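What follows is a single structure, written as structure tokens, with notes after it.
The values are calculated or read from the model by the stated rules, or taken from the named source; none is laboratory data. Bear in mind the structure is a predicted one, so any value in this text is a computation, not a measurement. Here Cβ is always computed from backbone atoms with ideal geometry, including for glycine, and neighbour counts include all displayed protein chains. Protein only, heavy atoms only, side chains kept; ligands, DNA and RNA dropped before computing areas. Shrake-Rupley method; radii C 1.70, N 1.55, O 1.52, S 1.80 Å.
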Amino acid sequence: MEAVVSTQSTWKQWYQRRVHGEFPQAKLTLLGRNVERLQQVAGECRAAGTRREVVVHSLDVTDRAAMAKVVHGAELDLVFANAGVHLGDSLCDAAQLTTDVNVNGTLNTVLPALELLQKQRRGHIIIHASSAAFLANKAFPEYHASKAMVLNFAQGLRMAMRPYGVQVTAVCPGWIRTSLTDHLRSSNMTLLSEISAPDAAARILDAAQRDEAVAIFPFMPKLHSTLTRSHTPAWMQFSNDSGFTDAFLGFGWQKERPIGVVSG
């Protein structure tokens, strides 16, 4: 088994350790920008008992050519597109980078793998979306839009790849306790319903093993996504305007976010 994981989140080390606990013969290829963090994760995987190599590539998921070169060189069984950003800058400053990483980074990880997975007629693609994919939000419209695109891409890809024996799972977590949530909390955001990195990893692995189409967790984001999908646009508008969405999901943005300007 070979797994390719694109990651910019420290909590992914827990998932990688879980993978190696289940598949000690797996070869793991880690892709990310921070080579020191990647080496740390690789060391933890080896310490967890993997009997095959762990390969590290330091690159940016927005680099389409570099991503294709690495993915094309692998013998794939599992692809995990996980890289993502959530920025507190002005809307105009954050929107392009958020789209480049969250959307294009996912495509750059997944698309190069499709031909090989089709030919070998097996494999599993896990795409990290978010519970934010199910609703619009006035504080971070670009983030919610990027995750909605990723979720819809995963659901459509699941249908397209099923005839080839390839599984696709979209994971839609709420807040996972990482350096990202620490940063958001320092920006006066109150985050509720956080779960730990090990708990998130266990839930993702469980969803993959059961071949779930979409895995939403923990309970509060799952409940809110159900309410959002079952109510009218008027309800969604009221939910946002009244602050109900922020309170329910724990966004709790305490200050007005600037729109910014586009230069040029």
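Round to a whole number: what % of the accessible area of the range 85-129 belongs to carbon and sulfur, probe 1.4 Å? Let's see the in-between values first.
Details: 900 of 1740 Å².
Carbon plus sulfur share of accessible area: 52 percent.
So how far apart, in nm, are the two label points at A47 and D89 if each is 7 Å from Cα heading toward Cβ? So the label points at A47 and D89 sit 3.5 nm apart. Here the extension length gained between T226 and H72 equals 51.6 nm, from 0.36 nm per residue of separation less the Cα-Cα distance. Diffusion of the range 36-185 by Stokes-Einstein, at 25 °C in a medium of 0.890 mPa s and with Rh set to the Kirkwood radius over alpha-carbon pairs, works out to 148 µm²/s. Size descriptors for the range 105-171: radius of gyration and Dmax over Cα atoms are 13.1, 44 Å. In this rough spin-label picture, where each label sits 7 Å from Cα along the Cβ direction, the T181-A202 distance is 1.5 nm. Taking label points 7 Å from Cα along the Cα-to-Cβ direction, L111 and A65 give a separation of 1.5 nm.
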